[in-house]
Amino acid sequence: MAQAEGLTGRDAILATVIGYEIQCRLCDAASLRAGGWDHVTYGALSTALLSGKLWGLDEDQLEHVLGLSGVCNITTRQTRTGQISDWKACAFANAARNGVFAANLARRGLTGPHEIFEGPKGLMHQLNIGGIKDGLVLGENGDFMIDKTYIKFWPAEYHSQSAIDACLQLRPQIEGKTIESIHIGSFEAAVSIIGSEPEKLRPTSRETADHSMFYCCAAALTDGDVTLATFDDERLTDKTLLDLIDRTKIVEDAELNKGYPKGIPNDITITCTDGTKVNKRVDFPRGHAENPMTDDEVFAKFHRLADGVIAKDTADQLVEQVMKFDTLDTEGITELFKFKVL
């Protein structure tokens, strides 16, 4: 958007902050998951508004932006249920595309439904998210949600990050021993999303495996890390991993529920056949706002993901340019995206 409109990196950063602010405040004000809806429903709204900002739309136009993006982009949670498909990785991108489209329509004069939130058939009533009415406060006194957003240290569903962290910390204590059982105490959201469905015990796709706390913990204990290769097809039928999964139990813990969403509390107890028992609880995994990654750790993660996709010198140049994104003009932004995939 910024590139197409001849804007700067600073404009794009401002729009990004606005998008995160709206998206995260909506999620905190009223959960969509509780009613079986997907959070990307909010994604259409947040992307539409940040697009409207980049297009310089006025207040009346932005109200139509909300109507146009909100009335036709309501998404179900089935995207993230059971065996997970390729679509999961596309769901928010699709919502973002539709948000940009809605802003473009409003920019060109198309009106949208009124009272998209509070109307008799609006989002608050239809999706049972009335909490938005009183719970939505944006960027008060410089308190922005982008500063509280988490980064995944490992390439797995976010609620598993603290469980992976705990397993990796426990692994040296049980080296050379045979695991008899793994007990994972967790909080409702994690149990519901990645720790209860039968499909998570026998994932048949990369997308399902990285949304299985059973699988992620088994891999962490077996391999000493969780990487993209952890979820390769041949690993999904690895007997060592499957045997560990069968010895793993995940239960919801009322005490851990109290620690969420401030933290991501997972409590791991591993019992070995020789009687050894070890325990570790992690509330703030690496990458959490309370335990942030360093710049170097973020760069290292980028390089791990970029390896084999783009050339190393290209990756180095991208890091250099992104770290001065605020200084880029339109031409600089254009040059930033002129790279070849291997």
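For residues that are among the aliphatic types (A, V, I, L, M) and buried (at least 18 other Cβ atoms within 10 Å of the Cβ), tally how many sit in the stretch 261-294.
4
Hey, can you tell me all the residues within the stretch 295-310 that are more than 27 Å from K148 (Cα to Cα) and surrounded by 14 or more Cβ atoms within 10 Å (Cβ to Cβ)? Explain how you work it out, then say what you get.
From the stretch 295-310, those more than 27 Å from K148 (Cα to Cα) are 307-310; that's our starting set.
The one that is more than 27 Å from K148 (Cα to Cα) and surrounded by 14 or more Cβ atoms within 10 Å (Cβ to Cβ): I310.
Checking each residue in the stretch 297-337 for being farther than 23 Å from A12 by Cα and either hydroxyl-bearing (S, T, Y) or more than 21 Å from the chain's Cα centre (by Cα) (or both) picks out D307, G308, V309, I310, A311, K312, D313. With the structure loaded, tell me whether T178 is farther than 23 Å from E252 by Cβ, hydroxyl-bearing (S, T, Y) and in contact with a helix residue (DSSP H, G or I) (Cβ under 7 Å, 6 or more places away or on another chain) or whether it fails that test. Criteria not met by T178. Here the condition is being assigned to a helix (DSSP H, G or I), surrounded by 21 or more Cβ atoms within 10 Å (Cβ to Cβ) and assigned by TED's automatic domain parsing to the domain that holds Q126; of L105, L62, L68, it holds for L68 alone. For Q61, the requirement of being touching a Lys or Arg at 6+ places or on another chain (Cβ under 8 Å), more than 22 Å from E140 (Cβ to Cβ) and modelled with pLDDT of 95 or more is met.
Of the residues making up the stretch 1-29, just one is surrounded by fewer than 17 Cβ atoms within 10 Å (Cβ to Cβ) and within 19 Å of G263 (Cα to Cα), namely D28. Please work out if A254 is aliphatic (A, V, I, L, M), over 18 Å from D165 (Cα atoms) and modelled with pLDDT of 95 or more. Spelling it out, A254 is indeed aliphatic (A, V, I, L, M), over 18 Å from D165 (Cα atoms) and modelled with pLDDT of 95 or more.
Modelled with pLDDT of 95 or more, of a type outside the set (G, A, S), touching a strand residue (DSSP E or B) at 6+ places or on another chain (Cβ under 7 Å) and closer than 23 Å to P155 by Cα: which single residue out of T237, T248, T294, T271 fits that description? Explain how you work it out, then say what you get.
Working: T237 fails: touching a strand residue (DSSP E or B) at 6+ places or on another chain (Cβ under 7 Å); T294 fails: touching a strand residue (DSSP E or B) at 6+ places or on another chain (Cβ under 7 Å); T271 fails: closer than 23 Å to P155 by Cα.
Going through T237, T248, T294, T271 in turn, just one is modelled with pLDDT of 95 or more, of a type outside the set (G, A, S), touching a strand residue (DSSP E or B) at 6+ places or on another chain (Cβ under 7 Å) and closer than 23 Å to P155 by Cα: T248.
Looking only at residues in the stretch 130-150 that are in contact with a helix residue (DSSP H, G or I) (Cβ under 7 Å, 6 or more places away or on another chain) and at pLDDT 90 or above, the one that is farthest from G263 (Cα to Cα) is F144.
The values are calculated or read from the model by the stated rules, or taken from the named source; none is laboratory data. The shown structure was predicted, so the numbers you read here are calculated from the model rather than taken from an experiment. Methodologically, a virtual Cβ is constructed for each residue, glycine included, from the backbone with ideal geometry; neighbour enumeration extends over all protein chains shown.
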